[in-house]
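Rule-based calculations on the coordinates, nothing more; no lab input. In this text, all values refer to a predicted model and were calculated from it rather than measured experimentally. No Cβ is skipped: glycine too gets one built from the backbone with ideal geometry, and neighbour counts run over all protein chains shown.
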Amino acid sequence: MDKRADKQTGWSEKLKEMPVEEVGRLIEAATLDRQLFGELAEAADAVRQQYYQNRVFARGLIEFTSYCRNDCLYCGLRRVNATAERYRLGREAIVAACREGYQLGYRSFVLQGGEDGYYTTRRLTAIIDTIKGEFPDCALTLSLGERSRADYAEFRRAGADRYLLRHETASPGLYARLHPDMSWDNRRRCLDDLRQLGYQVGAGFMVGLPGQTCSDLAADVEFIRRLQPEMVGIGPFIPHRGTPLAGQPAGGLGQTLVMVAVVRLVLPKSLLPATTAVGTIAGDGRERAVMAGANVVMPNLTPLAERKKYMLYDGKICVNDSASHCRGCIEGRLKRVGFVLDLQRGDHCDWRRERAAG
Ligand code: SF4
């Protein structure tokens, strides 16, 4: 192994074992020191290349409800935000969005929404059934928040392949301050259930939350090391004007990229989105996230009439762009930095092998 490759593998090995206090110090140092960040990003890029080469998987995102029963302090869709515009998509509209995505070449869809009681287990199972019946060659990810284990089992039986449930922050105190009426223990229970039910599991967290420290971010890394999720969504905190956190500074691009690189090194085979939020705080944020180790993008398939109503935070990009525009835009952006948009299912590399073996 040459010296450069040795250094790259070295970071990955070190980070898998590094005591959590040291991880916190590394995050702090890399946020301030561009050279150290450059070293981590280069190592992250190298390990990603090893498993996924220069391919970046596309997931067509359908935001199907802006109703939510929760009151997360940072979120524009929180229940008490009277200025939020609410909508729900019915089964036909959701399937039509998938159809448009399929015609654009996507073979992976994400159904995302607030925690909306209107979507009962029966309604959701019928939607999953219809999507998997019409598009059996596509992967389906759900991102519907906290449900019972029995619900998760039903959705899995109906054909859902993956589930995204960001843990948001693994520091119980910070979690409690940001999520009135929710519990960190239940969040963890959900992730454990999803894992046991055979989903490809996505966790994830925000960077730059008010009051968050590098020790909190190190706790996120520790949580990820233990859970070993297949996917990790990492995005900067961005304030929304209709929330109690309005006026707080957004998370920084630099620290968000540090966290993408660190998580890539900790979980070399993971699927890491270059999130819309990182593209919102910087025009080239998604490209830079990919260069720091991300390998997933989520172009929007939500009908344009509803897109602006799914305002999790202020200034969200892509709310006026058609689905075909989004596809071309993201493909061009990736190409300019040497990456290729891959439209296939894009499973975690180990999961695919196990499935093939089974
Ligand atoms: S973050 Fe999710 S659960 Fe929390 S209020 Fe927003 S949509 Fe609801």
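Sorted from fewest to most neighbouring beta carbons within 10 Å, what does the list T141, T169, T213 look like?
In increasing order of surrounding Cβ atoms, one gets T213, T141, T169.
Under the rule of at least 5 residues apart or a separate chain, name every residue whose amide H is placed under 5 Å from the amide H of A139.
Amide H neighbours of A139, under 5 Å, 5+ apart: S108, F109.
Given q = 0.06, 0.09 Å⁻¹, what are the Debye log10 I(q)/I(0) values for the chain, with equal point scatterers placed on the Cα positions and solvent ignored?
-0.19, -0.45
Give the separation of the Cα centroids, the range 37-90 to the range 198-276, in Å.
Using only Cα atoms to place each centre, the spacing works out to 10 Å.
Which of S148, S215, S270 comes first, and how do the rest follow, when ranked by fewest Cβ neighbours within 10 Å?
Ranking S148, S215, S270 by Cβ neighbours within 10 Å, fewest first, gives S148, S215, S270.
Spit out the partnerless Cys residues in the chain, using Cβ distances under 4.7 Å as the pairing rule.
So far as the 4.7 Å Cβ criterion goes, C68, C98, C138, C190, C214, C318, C326, C329, C349 stand without a partner in the chain.
What is the range 3-357's relative contact order, in percent, from Cα pairs under 8 angstrom and six or more apart in sequence?
Relative contact order here is 25 percent.
Counting DSSP beta bridges with both partners in the range 3-357, what percentage is antiparallel, nearest 5?
Antiparallel: roughly 5 percent of the beta bridges in the range 3-357.
Rank these for me by crowding, D151, D137, D216, going from fewest to most other beta carbons within 10 Å.
Ordered by Cβ neighbours within 10 Å, fewest first: D137, D151, D216.
Can you tell me how the range 138-204 classifies by the Cα gyration tensor, rounded, prolate or oblate, using a/c under 1.5 as the rounded cut?
Prolate shape, in that a/c is at least 1.5 and a/b is the bigger ratio.
Can you tell me the length gained on complete extension of the stretch S148 to S324, counting 0.36 nm per residue apart and subtracting the Cα distance?
Stretched fully, the S148-S324 segment lengthens by 59.7 nm.
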